[in-house]
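A quick write-up on the structure given underneath.
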Amino acid sequence: MGYPFLVPFTAGLVLGVIHFAGLWVTLRRLPDLRRPFTVLIGSFLVRTALVLAGFFLVLSGGLGELAAALAGFIAIREILRRRLGGNPSRP
């Protein structure tokens, strides 16, 4: 194969979409919920477990593959931040 890090990078992109889409859905629903803290913590635990499981599966390929997956995860974070707005320097 000519691109050994393409699959782990793509896996990182998918994990990022799952994580950040789940976060976005959770935050959009919070104002309408009776127990927002419980939903926020539950969403965090589910999203974190899914992402950690995905990274653990990628890690079986080695540290290079894990680094590629992490790069994909960070790349999707930046893409979404730029497309949806958001300024980390804002208080």
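None of the figures in this text is laboratory data; all of them are computed from the coordinates on show. Just so you know, these numbers come straight off a predicted model, no measurement behind them. Don't worry about glycine lacking a Cβ; one is built from the backbone with ideal geometry, like all the others, and counts go over all protein chains shown.
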**Message:** If you fit an axis through the alpha-carbon atoms of helix 63-84 and take the longest principal axis of the Cα set of the chain, what angle between them do you get, 0 to 90°, nearest 10?
**Reply:** 40 degrees
**Request:** For the range 6-83, list log₁₀ I(q)/I(0) at each q in 0.16, 0.21, 0.22, 0.25 Å⁻¹, using the Debye formula over Cα point scatterers of equal strength and ignoring solvent, two decimals each.
**Result:** -0.60, -0.87, -0.92, -1.06
**Complete:** Rounded to the nearest 10 degrees, the helix 6-29 long axis (Cα) sits at an angle to the longest Cα principal axis of the chain of 0 degrees
**Complete:** Farthest towards the positive end of the dipole of the chain, among 70, 59, 25 and with Cβ unit charges of +1 on Lys and Arg and -1 on Asp and Glu, lies the Cα of 25
**Request:** Rounding to the nearest 20 debye, state how big the charge dipole of the chain is about its Cα centre with +1 on each Lys and Arg Cβ and -1 on each Asp and Glu Cβ.
**Result:** 520 debye
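Students often check this: by mean Cβ neighbours within 10 Å, which of 7-16, 30-39, 61-70, 43-52 ranks highest, and how do the rest follow?
Highest-to-lowest ranking by the protection proxy: 7-16, 61-70, 43-52, 30-39.
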